[in-house]
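As structure tokens, the structure follows; a few thoughts come after it.
The values are calculated or read from the model by the stated rules, or taken from the named source; none is laboratory data. Note that the structure is a prediction, hence the values are computed from the model and not measured. Don't worry about glycine lacking a Cβ; one is built from the backbone with ideal geometry, like all the others, and counts go over all protein chains shown.
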Amino acid sequence: MTPLWLLLSFVFISFSFGYVGFKQATRLASNTNLNSRPIYHGSFVGLTAFLPSVLVFIIISIGDDLFLRQAIYKYYPTDLTSSKEFNEILAFSQVRNQVQGIIFGETEQWVKDAASAWAQWHLEIQNLSSVVLISLSFIAGFLSLRRISADFKSRSKVEQIVTWFLGVSSLIAIFTTVGIVFSVIFESLRFFALIPVSEFLFGLTWNPQFEGAERAGSGQMGLATYGSIPLFLGTFLISVIALCVAVPVGVFSAIYLSEYASDRSRSIIKPLMEILAGIPTVVYGFFAALTVAPLIRKIGMTMGLDVASESALAAGLVMGIMIIPFVSSLSDDVMNAVPQSLRDASLALGSTKSESVKQVVLPAALSGIVASILLAVSRAVGETMIVVMAAGLAANLSLNPLDAVTTVTSQIVTILVGDQEFESAKTLSAFALALTLIVITLFLNFSALRIVKKYREQYD
């Protein structure tokens, strides 16, 4: 049984047991008073039949790969395993590709033998685990049915299960974030062991070249240069242009929708603005490359300006249009959350509508507005497609919006596309760029929080 059908079986069994438990509790409720409602009894039975099998299934799925990795080791040729160039991960990938039908050229006999054994073991493990897990689900369901009684506190049990589930979900999110950060830090340290930190942070030229593992390991940099300032300068330039478009338009439109627009106008305008958030970024990239960039170049040439065919201004303008919904929608929601009593009090004291918005609504909603702007900044910094198509990949040290520039994220994508040698300084530089970007983003967030705490108005 495939994993998908196995999970569907768990869902069907749990719903069946949950329905039986609900009916059993309903019949019991007709004769006596229950501590909990029948729906909680049914939920408890269904969750009990579902969760243990799923947890065991996850453990088996993780251990399956580890077991197969060790089991096929005996099929590796002795001359291969004794070689200094032996890479177990690469050998395991060859066998796995053979199992999946991904075959390039002539396949060695040991790979075929290992793949055949793998397929047989995997099938046996899959069949055995399916029987065990389905049996476990039935056993857990029957045992939980026996616990249904008038005094059984099924509501508290269900709430405990849900609480544990939410806690585990939070831990998964936290550990995922920590894992990402530590993986980036680890690879960045490998990069800084090859390239000085000062050269990376203060260098004015970005021109990475593929240096092979031997050359990178020896510390010889050759013609490669890893000065990150042009990348961060390009990121800053394009982001500022985008924010100059998105922040005024987004905040002003939010003020209009929240304070001045009628219900009919709001029901039409807000969905139309939020359509911008659903347009794929590649469409924005095409629009920037085929329409905005040529238009800017044409206007610049008529004014006697030297405008590049790919410019930061084109990318920034289109990116600003793209992130308008992030600022507008969130700011509008925050302003609507301001109590109407504050507006009424301001108007009762003789303030005009505009004065109430300026002196009451905006200070009260400042934290939410800043949060929407930070979200827009993160979206602008992380955008890649528009930058590649409209601003190019040239790492120019320039603050001229009419020049071609590139950003940190576009360079990361460029570096990591295709087969890469993770011992080379070029590949490892992507992680150093990511780490620096994380640090800068954290600094901006903390700075924004301090500003909000200083100027925010709090009302009881």
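Does region 373-394 include one or more residues that are touching a Phe, Trp or Tyr at 6+ places or on another chain (Cβ under 9 Å), among the aliphatic types (A, V, I, L, M), within 30 Å of Arg450 (Cα to Cα) and part of a loop (DSSP other than H, G, I, E, B)?
The answer is no, given that none of the residues of region 373-394 is touching a Phe, Trp or Tyr at 6+ places or on another chain (Cβ under 9 Å), among the aliphatic types (A, V, I, L, M), within 30 Å of Arg450 (Cα to Cα) and part of a loop (DSSP other than H, G, I, E, B).
Looking at region 267-285, is at least one residue in the same structural domain as Ser410 (by TED's automatic domain parsing) and buried (at least 21 other Cβ atoms within 10 Å of the Cβ)?
Yes, region 267-285 contains a residue that is in the same structural domain as Ser410 (by TED's automatic domain parsing) and buried (at least 21 other Cβ atoms within 10 Å of the Cβ).
How do the helices (runs of 4 or more DSSP H) wholly within region 217-329 filter down when requiring 2 or more residues that are in contact with a Leu (Cβ under 9 Å, 6 or more places away or on another chain): which remain? So that I can check it myself, show each step before the final result.
Working: elements: 229-255, 263-274, 281-287, 293-302.
Result: 229-255, 263-274, 293-302.
How many of the residues making up region 368-414 are touching a Pro at 6+ places or on another chain (Cβ under 7 Å) and among the aliphatic types (A, V, I, L, M)?
Looking only at that region, the number is 2.
Search region 1-58 for residues being touching a residue at least 60 places away in the same chain (Cβ under 8 Å) and of a type in the set (Phe, Trp, Tyr), and hand back the single one that is surrounded by the most Cβ atoms within 10 Å (Cβ to Cβ).
Only one residue tops the list, namely Phe44.
What residue, of Ser329, Ser367, Ser398, is touching a residue at least 24 places away in the same chain (Cβ under 8 Å), under 28 Å from Leu201 (Cα atoms) and buried (at least 16 other Cβ atoms within 10 Å of the Cβ)?
Ser398
Any residue at all in region 336-343 that is within 35 Å of the chain's Cα centre (by Cα), part of a helix (DSSP H, G or I) and not aromatic (Phe, Trp, Tyr)?
Scanning region 336-343, I find at least one residue that is within 35 Å of the chain's Cα centre (by Cα), part of a helix (DSSP H, G or I) and not aromatic (Phe, Trp, Tyr), so the answer is yes.
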